[in-house]
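A short worksheet on the structure shown next.
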Amino acid sequence: MRGSDPAFGGVLVRATVERLMMPETAPTERVPEMQNLNDLVLAVARERSRTAFAALFSHFAPRLKSYLMRLGTEPGQAEELVQDVMLRVWRRAETFDPTQANANTWIFTIARNQRIDAVRRERRPEIDLTDPALVPEPVPPADRTLEAGQETARLNAAIGALPNDQAELLRLAYYEGTPHSAISAERGIPLGTVKSRLRLALDRLRRLLREDI
Amino acid sequence: MTNPLYHPPREILLDYADGSLGEPAALVIATHLAFCPACRHQVADLEAIGGALLEEECLNPVSDDCLRSLMARLDEPALEASKPVALRGVRPCSALPPHGLADLPKPLACLPEPLRSYLEASLAETPWQPPNSRPRNSGARDAGGWEIDLRVGRPPVRTRLIGVVGGGVMPRPSPIGMNLNLVLAGGYHDPRGTFRRGDLVLDDPGLDYSPAADNGEECVYLCVTDASLRLSGVLSRSLNPFVAL
Ligand SMILES: [Zn+2]
């Protein structure tokens, strides 16, 4: 997929750049604290709470639709996919483990896999953490999992604090449809520079995730 | 048991985490992850960044009908079983024919997921034949060598499990595109180094490294040949023996 059609990638790059240049279209709603999003999923898991589910829907559905459309999904199919993703959230809520990932990350991976399934008609190979054949952690994982609830907030703050060129490239490069080479052509930046800036951004964010606070 | 020494380049881990990698290469990466806690951490971090970017997405309103019809679907029975979406359609172990795993080369009986399910699905369609019972089709492979086509990906992409007897000559990398080799048992070597279980080796189709299996144990590896990986230009050509922690 990546790199298959530079013109298509160019359109997406342009659309994303336009979005970045118009901050008024950025989300203004910052309603639930990250911890609360985790609690909402847990309430769905434990109590089958439809109120909690509707709250999750109102937070995530508009973001998911935007994410899916940016990857080239038509508006009608995007809404169907949003429904499918949220239905999986409802059905698989009991597999949500806030010590492994927070609600945003968990729902991001569901949307990613659902799109691969529905749009690309491929399976998504994933590891099975309960598989006895899995090579285990050499030592118990660090305590960072305890603060998984704050992780997204810290990451968002860190993305906001990245130098503009790095943050922009991160957003452009992260999702399918904007190959590094298309970014390079679109912005007139050499491919090597695109890669090294992206690497700097990822390094910075990953260091932050590994920091003990 | 030592952890792998050779890891996927970070571009490929990013492509795996953001969902842009095709199924054959994603199968190689997911299987490497089963062997490699360090790369599991990397992927978890990249997914967390994906989650943070989802949080930052602009808000594209959905129609009122969307929530209404979704709420109406909540009580529908789920069509698919508890298997993850990734493995839907892959037959469970019990569907294996009785001759299934017994005659298999030993390393294939203890593969980690997700590779194990792919192998089981393939064997359910085409039962295993011991190599000695098959016609030898060329002199290029030493006696006792074998391969299983997992039929993942559309041609010309190929996804195969390959066995080479200890000390044997490895098949030449396919010229159609980048080769991803993931060692599952035994080991092999070429001028760049020695590769053991869990190691991921990238072979450029333009270069011939003349690899050979290590003496002794049979070398079993997963081999994906994918022309699109070459075209994308995202692969670094060098091996990646370091992983950032
Ligand atoms: Zn690794």
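Of all the criteria given as (1) modelled with pLDDT under 90; (2) surrounded by 17 or more Cβ atoms within 10 Å (Cβ to Cβ), the one not satisfied by A:E29 is (2). Just so you know, in region B:205-223 the residues that are assigned to a strand (DSSP E or B) and more than 16 Å from the ligand (Cβ to nearest atom) include one that is nearest to the chain's Cα centre (by Cα), and it is B:C223. If only residues of region B:51-76 that are of a type in the set (D, E) and within 7 Å of chain A (Cβ to nearest Cβ) are counted, the one that is surrounded by the most Cβ atoms within 10 Å (Cβ to Cβ) is B:E55.
Only one entry of B:A17, B:A38, B:A48 meets the criterion of being aliphatic (A, V, I, L, M), more than 7 Å from chain A (Cβ to nearest Cβ) and closer than 18 Å to A:Q114 by Cα, and that entry is B:A17.
Here is a check on your reading of the model: is B:V85 at pLDDT below 80, within 7 Å of chain A (Cβ to nearest Cβ), more than 16 Å from the ligand (Cβ to nearest atom) and farther than 26 Å from B:G193 by Cα? Judged against the criteria, B:V85 is a match. B:G168 passes every criterion in (1) modelled with pLDDT of 75 or more; (2) out of contact with any Leu (no Cβ under 9 Å at 6 or more places or on another chain); (3) at the interface with chain A (Cβ under 9 Å from one of its Cβ atoms); (4) surrounded by 11 or more Cβ atoms within 10 Å (Cβ to Cβ) apart from (3). Filtering region A:65-106 to residues that are more than 7 Å from chain B (Cβ to nearest Cβ), part of a helix (DSSP H, G or I), within 15 Å of A:N38 (Cα to Cα) and not charged (D, E, K, R) leaves A:V89, A:A93, A:T95, A:A103, A:W106. Taken over region B:112-158, residues that are modelled with pLDDT of 80 or more and of a type in the set (G, A, S) amount to 6. (1) within 16 Å of the ligand (Cβ to nearest atom); (2) modelled with pLDDT under 90; (3) in a loop (DSSP other than H, G, I, E, B): which one isn't true of B:L202, the others all being true? Looking at each condition in turn, B:L202 falls short on (3). For region B:156-178, filtering for residues that are in contact with a helix residue (DSSP H, G or I) (Cβ under 9 Å, 6 or more places away or on another chain), under 22 Å from B:I12 (Cβ atoms) and assigned to a strand (DSSP E or B) leaves 4. Filtering region B:6-51 to residues that are in a loop (DSSP other than H, G, I, E, B) and more than 9 Å from the ligand (Cβ to nearest atom) leaves B:P9, B:G19, B:S20, B:L21, B:G22. If we scan region B:57-79, do we find a residue that is at pLDDT 90 or above, away from the ligand (no atom under 13 Å from the Cβ) and basic (K, R)? Yes, region B:57-79 contains a residue that is at pLDDT 90 or above, away from the ligand (no atom under 13 Å from the Cβ) and basic (K, R). Considering region B:162-199, and only residues there that are under 14 Å from the mean Cα position of the chain (by Cα) and charged (D, E, K, R), the residue that is nearest to the ligand (Cβ to nearest atom) turns out to be B:D199. Assessment of region A:56-64 against the conditions (at the interface with chain B (Cβ under 7 Å from one of its Cβ atoms), crowded, with 22+ Cβ neighbours inside 10 Å and within 23 Å of A:L172 (Cα to Cα)) yields at least one matching residue.
The values are calculated or read from the model by the stated rules, or taken from the named source; none is laboratory data. Not measured: the values here are computed from a predicted model. Please note: Cβ atoms are built from the backbone with ideal geometry, for glycine as well, and neighbour counts cover all protein chains shown.
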